[in-house]
Amino acid sequence: MNSLNAQIELSEARGETSSNAALCKRLVLAKIQLDRLEQDGTCKDLSALSAARVEFALASRALADALIAQETLGDPYQS
């Protein structure tokens, strides 16, 4: 049974790593898009700039939430 539990924990850790990698990629892409729009002095599309800011905020919050959840699940003494 210990071997099975170890395999389950390893599988869960890989899933978290994969999920975190996807969230990191989302955040990086959002930051690149936001930087590109902010640095473009000729950009008149304020709705695109607003959407990029919202996506960056959502992506950073999603990554932070995932990391907090991961830490909370990993610490049985945390309330």
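Some points to look at:
- The set of residues from segment 54-72 being under 9 Å from the mean Cα position of the chain (by Cα) and not aliphatic (A, V, I, L, M) comprises 60, 61, 65.
- Condition met for residue 16 (surrounded by 12 or more Cβ atoms within 10 Å (Cβ to Cβ), in a helix (DSSP H, G or I) and at pLDDT 90 or above): no
- Residue under evaluation residue 77, criteria (1) over 11 Å from the mean Cα position of the chain (by Cα); (2) modelled with pLDDT of 75 or more, criterion not met: (2)
- Note on segment 40-72: residues that are farther than 15 Å from residue 22 by Cβ, at pLDDT below 95 and touching an Asp or Glu at 6+ places or on another chain (Cβ under 9 Å) amount to 1.
- For segment 37-53, the tally of residues that are within 20 Å of the chain's Cα centre (by Cα) and either in a loop (DSSP other than H, G, I, E, B) or surrounded by 12 or more Cβ atoms within 10 Å (Cβ to Cβ) (or both) stands at 3.
The values are calculated or read from the model by the stated rules, or taken from the named source; none is laboratory data. Predicted model only: the values in this text are computed from it and were never measured. For neighbour counting, all protein chains shown are included, and Cβ atoms are generated from backbone atoms with ideal geometry for every residue, glycine included.
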